[in-house]
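The next block holds one structure in the form of structure tokens; read it before the comments.
The values are calculated or read from the model by the stated rules, or taken from the named source; none is laboratory data. Owing to the predicted nature of the structure, the values given are computational and were not obtained by experimental measurement. Every residue, glycine among them, receives a Cβ derived from its backbone with ideal geometry; neighbour counts consider all protein chains shown.
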Amino acid sequence: MVGDAVYGGDAIWTYDSTTPASRNATIYCGVEIMSLDWECKSDRLLLIGTADGGIKAWNVDAKGVVCDLSTTEAFPSVLDLKCSPIEPIFVSTAASKGYNDNLGFASLTVWNMKTWKAVTVLPLGKDPPAITSLCFNHNGKILATSATDGMIC
């Protein structure tokens, strides 16, 4: 379970008394956190997307960041990210402007979680609206997105 602790920080805790409390943590990122998602296979990695275009992979067991990625300068705000339930990849959506600046246009990037490198930027057409939410289906073959224009793709 994840919840906000302070501005720019997140807390990780469990409601299940059988899970060791040693896995609980408070993470301070120093910047506004826009999105979170667990790596599906191990419950060991928490991905954190930030308003300054950062993507961090936090290892719960090691209690530290194992990878620190950045989006391009053209898309400085990570609005959402989702891990595939099957493959070692995740997808991030970033906006060309900050959250309080009407978000601007969208970028949708697929990342490899073994190499921690961008695999591809998915084509969205000319001046696509900012994508605010992502969701994989159960087998990771379909990705749904929602955007500021009210469309689900």
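Residue by residue through segment 120-142, note down the ones that are closer than 17 Å to residue 78 by Cα and assigned to a strand (DSSP E or B).
Scanning segment 120-142 gives 120, 121, 129, 131, 132, 133, 134, 135.
If we keep just the residues of segment 63-86 that are within 18 Å of residue 127 (Cα to Cα) and of a type in the set (Gly, Ala, Ser), which is modelled with the highest pLDDT? Walk me through how you get there before you give the answer.
Pass one, segment 63-86, residues within 18 Å of residue 127 (Cα to Cα): 71-79.
In the following step, the residues that additionally are of a type in the set (Gly, Ala, Ser) were identified as 74, 77.
Numbers: 74: 78, 77: 82.
Once the filter is applied, the top-ranked residue is 77.
Count, please, the residues in segment 107-121 that happen to be buried (at least 18 other Cβ atoms within 10 Å of the Cβ) and hydrophobic (A, V, I, L, M, F, W, C). Write out each step before concluding.
We begin by selecting, within segment 107-121, every residue buried (at least 18 other Cβ atoms within 10 Å of the Cβ); these are 107-109, 111, 113.
Still in the list and also hydrophobic (A, V, I, L, M, F, W, C): 108, 111, 113.
Looking only at that region, the number is 3.
Can you tell me which residue in segment 127-140 is surrounded by the fewest Cβ atoms within 10 Å (Cβ to Cβ), limited to those that are farther than 24 Å from residue 51 by Cβ and either touching a strand residue (DSSP E or B) at 6+ places or on another chain (Cβ under 9 Å) or among the acidic types (Asp, Glu) (or both)?
137
Would you check if residue 126 is in contact with a Leu (Cβ under 9 Å, 6 or more places away or on another chain) and among the charged types (D, E, K, R)? Before the answer, list the steps.
On the way: in contact with a Leu (Cβ under 9 Å, 6 or more places away or on another chain): no; among the charged types (D, E, K, R): yes.
Answer is no for this residue.
Give segment 19-60 a look and list any residue that's of a type in the set (Gly, Ala, Ser) and either modelled with pLDDT of 85 or more or within 13 Å of residue 79 (Cβ to Cβ) (or both), or say none.
If the condition is that a residue be of a type in the set (Gly, Ala, Ser) and either modelled with pLDDT of 85 or more or within 13 Å of residue 79 (Cβ to Cβ) (or both), then 35, 49, 51, 53, 54, 57 are the ones that fit.
Would you check which residues across segment 61-95 are more than 25 Å from residue 139 (Cα to Cα), touching a residue at least 24 places away in the same chain (Cβ under 8 Å) and of a type in the set (A, V, I, L, M, F, W, C) and list them?
Initial filter on segment 61-95 (more than 25 Å from residue 139 (Cα to Cα)): 61-77, 95.
Checking the rest, the ones that are also touching a residue at least 24 places away in the same chain (Cβ under 8 Å) come to 61, 63, 67, 69, 71-72, 74-77, 95.
Residues satisfying the conditions are 67, 69, 74, 75, 95.
From the residues in segment 87-101 that are buried (at least 16 other Cβ atoms within 10 Å of the Cβ) and among the hydroxyl-bearing types (Ser, Thr, Tyr), which one is modelled with the lowest pLDDT?
Going through the qualifying residues, I end up with 96.
Taking segment 31-83 on its own, how many of its residues are basic (Lys, Arg) and in contact with a Phe, Trp or Tyr (Cβ under 8 Å, 6 or more places away or on another chain)?
Narrowing segment 31-83 to residues basic (Lys, Arg): 41, 44, 56, 63, 82.
Checking which are in contact with a Phe, Trp or Tyr (Cβ under 8 Å, 6 or more places away or on another chain) leaves us with 82.
Summing the residues that are basic (Lys, Arg) and in contact with a Phe, Trp or Tyr (Cβ under 8 Å, 6 or more places away or on another chain) in segment 31-83 gives 1.
Mind listing whichever residues of segment 109-119 are in a loop (DSSP other than H, G, I, E, B) and touching a Leu at 6+ places or on another chain (Cβ under 7 Å)? Spell out the reasoning first.
Quick first cut of segment 109-119, residues in a loop (DSSP other than H, G, I, E, B) only: 113-116.
Scanning segment 109-119 gives a single hit, 116.
I'm told residue 105 meets every condition in (1) modelled with pLDDT under 85; (2) closer than 16 Å to residue 33 by Cα except one. Can you identify the failing condition by its number?
(2)
Given the criterion at pLDDT below 90, of a type in the set (Gly, Ala, Ser) and out of contact with any helix residue (DSSP H, G or I) (no Cβ under 6 Å at 6 or more places or on another chain), identify the matching residue among 150, 140. I'd like the intermediate steps shown before the answer.
Working: 140 fails: at pLDDT below 90.
Just one listed residue meets the conditions, 150.
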